[in-house]
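We did not get these values from a lab; they are worked out from the coordinates using the rules stated. Everything numeric in this text was worked out from a predicted model, so none of it was measured. Virtual Cβ from ideal backbone geometry, glycine too; neighbours counted across all protein chains shown.
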Amino acid sequence: MEYIVDAFNAFFDLLYNNLLAPFLYWIAAFLNLLISPLSAYPPRTQIIVVSVFGAIVSRILAKRFRAKQEKRLLQEFKERLSTLEYTKYIEDDKLRRGFRKGINESADEVYEKIILDKFFEMGISYLFPLFFFLIWLQYSLFTPENLKSLTGSPYVWVTDSGLKLSAAWVYLYFYNILLFGLWILEVIVRVVLKWPKVKKRNSLAI
């Protein structure tokens, strides 16, 4: 048993040292190069810019992974549930219960697909940009040691009240605010674009 554990440890060490670590290193180097034009600005300004980029990436990914599949599955789910209405015409109780059970199980399968797709969408669209940029900022670009050499303080932001914020906290704070702001903006744009159609439909109804 101990031999198997050692073999697994050796395999994952090899995987990390030869694949994952070099990959993360080059990704971090590329991101450092992209943000280098902002090096003249304070660290918190650079982090806010990264949080803007992260929020925009999240919204783009959310739209990319959501649209078609979600609409199709929701439509399929509604159609399967709607067939329950027709079971009332089946006179045999046992047969009716069997049909209803089969329809419910079929609808449950579609609903499980919707939940799994939503989980995948959340992971790719939100958690990946959130944690990837957060780890890069906190453990590569603006480590406490780097911040101390740049600003004389191991913290990115020290408020007047004495609150000390690391790179991760500043990114997390602004990422969520900007993400919420983008969502509100999208809702407003959607309502504004739909309003003429609703107004026209109401005028025709009158």
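Key figures
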| quantity | calculated |
| --- | --- |
| Rounded, prolate or oblate (a/c below 1.5 giving rounded, otherwise prolate when a/b exceeds b/c) for segment 107-178 by Cα gyration tensor | prolate |
| Residue order, fewest to most beta carbons within 10 Å, for Ile35, Ile135 | Ile135, Ile35 |
| Shape of segment 24-70, Cα gyration tensor, a/c cut at 1.5 | oblate |
| Helix axis angle, 43-82 relative to the chain longest principal axis, alpha carbon, degrees | 10 degrees |
| Packing-based exposure ordering (other Cβ within 10 Å, fewest first) of Arg59, Arg72 | Arg72, Arg59 |
| Hits among aspartates and glutamates - C-alpha to C-alpha of Lys118 under 13 Å, sequence gap 8 or more where chains match | Glu70 |
| Theoretical FRET efficiency, 1/(1+(r/R0)^6), r = Cβ-Cβ of Ser82 and Ile188, R0 35 Å, to 0.05 | 0.60 |
| Helix 167-205 axis, angle to the chain major axis (alpha carbon atoms, nearest 10°) | 30 degrees |
| Residues Tyr111, Tyr89, Tyr139 arranged by fewest to most Cβ contacts within 10 Å | Tyr89, Tyr139, Tyr111 |
| Among Leu61, Phe142, Gly152 the positive-end extreme of the charge dipole of segment 41-205 (Cβ point charges) | Leu61 |
| Normalised contact order of segment 39-138, rounded percent, pairs of Cα under 8 Å and 6 or more residues apart | 45 percent |
| Highest-fluctuation residue, Asn104, Asn17, Asn32 considered, GNM on the chain with Cα pairs under 10 Å | Asn17 |
| Selection of GluC sites (Glu not before Pro), segment 82-182, meeting DSSP coil and at most 13 other Cβ within 10 Å | Glu91 |
| Distance (nanometres) between label positions extended 7 Å along Cα→Cβ at Leu15 and Arg97 | 4.9 nm |
| Pair Met122, Phe180: separation of 7 Å Cα→Cβ label points (nm) | 1.8 nm |
| Degrees separating the helix 2-15 axis from the principal Cα axis of the chain, which is the longest one | 80 degrees |
| Net length gained if the chain between Lys71 and Lys164 were fully extended (0.36 nm per residue, minus Cα distance) | 29.0 nm |
| Average projected area [Cα convex hull, the chain], square nanometres | 23.5 nm² |
